[in-house]
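In what follows, a structure is listed as structure tokens, so that the remarks can point back to it.
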Amino acid sequence: MSHMEITNRQLGWKPFFQNQITLDELDICFPARISKIYRTRVVIWSESGKQDVDIGLFSEIRNIAVGDWLLMPHNDERPLRILERQSELRRKAAGNRVERQLIASNVDTLFIVTSCNQDFNESRIERFLVLAAEANIRPVIVLTKADLVDDPEQFKTTAKELYQNIDIEYVDARTPDSVEPLKRWCGEGETVVLVGSSGVGKSTLINSLADAQQKTLNIREDDDKGRHATTSRSLHLLKGGGLFIDTPGIRELQLTESEKGIEDTFDDVVRYFGQCKFRNCQHTVEQGCAILAAIDAKELDIRRWHSYLKLQEEQKNINKTLAERRDADHKLGKFYKSEKKLVKRRKKR
Ligand SMILES: Nc1nc2c(ncn2[C@@H]2O[C@H](COP(=O)(O)OP(=O)(O)OP(=O)(O)O)[C@@H](O)[C@H]2O)c(=O)[nH]1
Ligand SMILES: [Mg+2]
């Protein structure tokens with residue numbers, strides 16, 4: 001265990017968590033935040049510093065995420081329990097599986113990082129916005145590599161037109177001065193997650209913010225350069241306040257159940273629903289369709305409409321797969337039950 005002065009508050013401790021523990025528990029336990037997860041080992045931070053513990057026998061081991069608060073007994077490496085989360089960022093696991101994957105927990109702000117030059121992509125940003133809305137986390141769009149384009153202000157203007165009411169900043173992620181405006185979201189105990197494609201500058205940003213605020217713990221990973229530089233999620237603490245969760249690049253974010261996130265992110269689309277002439281309007285060729293009229297009148301961007309439809313379609317497929325899975329599990333459960341009965345009956349004979 002290394003010794004340094006850290007307070008729970010700096011680690012993101014809030015009344016929401018405090019209210020979950022009893023005085024008796026406080027006698028035998030202390031709260032600790034997960035900073036990094038290996039197979040069965042986790043790095044945790046608490047007021048006593050940084051600690052590497054083996055939680056292999058912890059029953060909820062498959063359900064933990066970077067950013068989680070654990071209740072740790074003073075005399076045991078096995079956590080008592082995970083504290084209820086204030087927020088959860090979830091995505092669909094890669095490939096054809098429908099499993100959900102926890103990206104991080106107890107997050108205040110999501111930095112959606114995209115570079116001004118090659119990476120800027122509207123529908124990719126929209127997916128991240130849905131992710132944030134679903135989790136009730138404040139999104140901030142960070143445009144990196146502003147130094148590589150002639151007119152970074154123009155990128156900001158374009159982004160502003162697309163996403164009103166969302167904070168947007170452009171930076172040269174390599175220089176502490178340039179990332180200064182981002183400090184608004186990095187106050188003491190505030191947790192920020194950075195997401196975006198590989199190579200856009202997420203780790204670089206964290207390093208610059210750390211330099212700007214004097215780094216305390218080991219901020220610099222030895223693998224912070226090149227393609228897919230970052231290979232796992234990890235929490236970083238800056239002395240001047242602020243916690244950052246760095247994530248490996250995501251090429252295309254696949255959402256899990258996100259109906260609410262989609263409705264919130266596409267309020268410019270959903271506001272037309274219920275205004276069509278026919279209640280069962282399919283918004284394709286019908287007369288008196290409010291959506292088509294809005295598109296014609298250039299009140300609604302057709303790209304937004306298509307983007308909305310695409311995400312809705314994905315949701316339908318995910319829900320269908322999940323329902324089928326539950327159905328199959330149910331049938332399998334019934335099968336096992338009847339098999340057990342059969343075996344018992346046979347034994348009785
Ligand atoms: N010119 C310029 N280069 C940048 C900027 N931000 C990052 N870079 C460079 O881009 C490369 C990739 O940056 P990283 O910070 O490793 O990117 P990342 O998003 O963490 O990538 P992954 O870890 O693979 O997801 C590095 O060589 C950085 O120096 C920027 O604002 N301007
Ligand atoms: Mg990185």
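Multiplying the residue separation of ARG184 and GLU286 by 0.36 nm and subtracting their alpha-carbon distance yields 32.0 nm. In the chain, the sites counted are chymotrypsin sites (Phe, Trp or Tyr not before Pro) in DSSP loop states with at most 12 other Cβ atoms within 10 Å, and the longest stretch holding none of them, exclusive of the sites, is 39-272. For the range 1-91, what value does the Rg/Rh ratio take when both radii are computed over Cα atoms and Rh is the Kirkwood radius, given to two decimals? Over the Cα atoms of the range 1-91, Rg/Rh equals 0.93.
Remark: C-alpha extents of the range 39-164 on the principal axes read 58, 36, 23 Å, sorted largest to smallest. Annotation: lysines with alpha-carbon distance below 26 angstrom to LYS341 (same-chain offsets under eight excluded): LYS331. Straight-line reach from LYS298: taking Cα to Cα under 21 Å and skipping same-chain neighbours fewer than 8 places apart, the lysines in range are LYS160, LYS277, LYS310.
The alpha carbons of the range 46-98 occupy a box of 42, 24, 19 Å along the principal axes, longest dimension given first. Considering only VAL42, VAL142, VAL285, the mean-square fluctuation computed in a Gaussian network model of the chain, springs between alpha carbons under 10 angstrom, is largest for VAL285. Using the Cβ-Cβ distance between ARG325 and LEU80 with R0 set to 25 Å, the FRET efficiency works out to roughly 0.20. Cross-link reach is defined here as a Cα-Cα straight distance under 17 Å, omitting same-chain residues fewer than 8 places apart; for LYS183 the lysines meeting it are LYS202, LYS215, LYS239. Estimated purely from DSSP H runs of n ≥ 4, each contributing -39500 (n - 2.57), the mean residue ellipticity at 222 nm for the chain is -10000 deg cm²/dmol once divided by its residues.
Converting phi to 3J(HN,Hα) with the Karplus coefficients 6.51, -1.76 and 1.60 and the offset θ = phi - 60°, the range 294-300 yields 5, 5, 4, 7, 6, 7, 10 Hz in sequence order, with x at every glycine or proline. Treating each Cα of the chain as one equal point scatterer and applying the Debye formula with no solvent, the log10 of I(q)/I(0) at q = 0.06, 0.12, 0.14 Å⁻¹ comes out as -0.28, -0.95, -1.17. Most simply put, the chain has about 60% antiparallel DSSP beta bridges, counting only bridges with both residues inside it.
Hydrodynamic radius of the range 88-246 by the Kirkwood approach over all distinct alpha-carbon pairs: 15.9 Å. The label point for ASP27 and the one for ASN121, both projected 7 Å from the Cα toward the Cβ, are 5.7 nm apart.
From the Kirkwood radius over Cα pairs of the range 266-338, Stokes-Einstein at 25 °C and 0.890 mPa s returns a whole-number translational diffusion coefficient of 167 µm²/s. Placing unit charges on each Cβ (+1 for Lys and Arg, -1 for Asp and Glu) gives the chain a dipole about its Cα centre, and among ILE6, LEU253, ALA146 the Cα reaching farthest toward its positive end belongs to LEU253. I want to verify a result. In a Gaussian network model of the chain, Cα cutoff 10 Å, which of these has the top mean-square fluctuation: LEU243, LEU332, LEU205? Of LEU243, LEU332, LEU205, the most mobile in the Gaussian network model is LEU332. Of the GluC sites (Glu not before Pro) in the range 299-349, the ones in a loop by DSSP (not H, G, I, E or B) with at most 14 other beta carbons within 10 Å are GLU299. Highest mobility in the GNM of the chain, judged by mean-square fluctuation with C-alpha springs under 10 Å and restricted to LEU143, LEU162, LEU71, is found for LEU162. Neighbours of GLU122 by Cβ distance under 11 Å: Lys/Arg scored +1, Asp/Glu scored -1, total +1. Rounded to the nearest 20, the size of the Cβ-charge dipole of the chain about its Cα centre is 2820 debye, with Lys and Arg at +1 and Asp and Glu at -1.
Taken together, the values in this text are just the output of simple stated rules run on the coordinates, not laboratory data. Just so we're clear, the structure is a prediction, and the values are computed from it rather than from any experiment. In this analysis, Cβ positions are derived from the backbone assuming ideal geometry, glycine residues included, and neighbour counts consider all displayed protein chains.
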